[in-house]
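Below is one structure, written out as structure tokens; the observations come after it.
The values are calculated or read from the model by the stated rules, or taken from the named source; none is laboratory data. Because the structure is a prediction, the values reported are computed rather than measured. When we count neighbours, we look across all protein chains shown, and the Cβ atoms used for this are built from the backbone with ideal geometry, even at glycine. Heads up: the accessible areas ignore ligands, DNA and RNA and are worked out on the full protein's heavy atoms, side chains in. Shrake-Rupley method; radii C 1.70, N 1.55, O 1.52, S 1.80 Å.
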Amino acid sequence: MPQQSEHRAEPPRIPASTRTLDRAEQERKAYFREREQLEHRSLVRGLLWLAVLVLVVSMARAGLGRVFVPGWWRP
């Protein structure tokens, strides 16, 4: 029985990148970087507001007379 050589197709290759595609990818990365910065700033601002709100509600619940006892500002 004669041996037959196997003919197989080459594996698929990713086409070479174009300048337009590279520029679009850079713009996309810059956009996501800016959005992440905005999101982080917004998150920190929200957490700070939440902390202030918890502090104010806790002070109001305890009563300002118990929070700020007479002479609290003097050493």
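For the chain, the solvent-accessible area with a 1.4 angstrom probe is 109 square angstrom per residue.
Can you send over the carbon and sulfur percentage of the accessible area for the chain, probe radius 1.4 Å, protein chains only? Each step should come with its number before you reach the end.
Details: 4960 of 8180 Å².
Of all accessible area on the chain, carbon and sulfur atoms account for 61 percent.
If you rank Trp49, Trp72 by how much accessible surface each has, with a 1.4 Å probe, what is the order from largest down?
Accessible-area ranking of Trp49, Trp72, largest first: Trp49, Trp72.
In what sequence, largest accessible area first, do Arg74, Arg45, Arg19 appear using a 1.4 Å probe? Each step should come with its number before you reach the end.
Values: Arg74 155, Arg45 135, Arg19 200 Å².
Ranked list, largest accessible area first: Arg19, Arg74, Arg45.
Solvent exposure of Arg41, expressed as accessible area, is near 130 Å², computed with a probe of 1.4 Å over the protein chains only. Once both labels are positioned 7 Å from their Cα atoms along Cα-to-Cβ, the gap between Ala51 and Leu21 label points is 4.7 nm.
Taking the convex hull of the Cα atoms, report for the chain its projected area averaged over all directions, in nm².
Numbers: hull surface 59.7 nm².
For the chain, averaging the hull's shadow over all directions gives 14.9 nm².
Given in Å, the Rg to one decimal and the Dmax to the nearest whole number for the Cα atoms of the stretch 20-62 are 18.7, 63.
Helix-only arithmetic for the chain: the sum of -39500 (n - 2.57) across DSSP H runs with n ≥ 4, divided by the residue total, places the mean residue ellipticity at 222 nm at -22500 deg cm²/dmol. Remark: the chain carries a charge dipole of roughly 580 debye about the Cα centre, counting +1 on each Lys and Arg Cβ and -1 on each Asp and Glu Cβ. Taking all protein chains as shown and a probe of 1.4 angstrom, His40 keeps an accessible surface of around 120 Å².
Could you work out how much longer the chain between Arg13 and Arg33 gets when fully extended? Use 0.36 nm per residue separation minus the Cα distance between them, nm to one decimal.
Working: separation 20, 0.36 × 20 = 7.20 nm, distance 2.96 nm.
Extending this stretch completely gives an extra 4.2 nm.
Roughly how far apart, in whole Å, are the Cα centres of the stretch 47-75 and the stretch 16-42? Spelled out, the Cα-based centre of one part sits 44 Å from the other.
Any idea which of Val69, Ala9, Thr20 is furthest toward the positive side of the dipole for the chain, if Lys and Arg beta-carbons carry +1 and Asp and Glu beta-carbons -1? About the Cα centre, the residue reaching furthest to the positive side is Val69.
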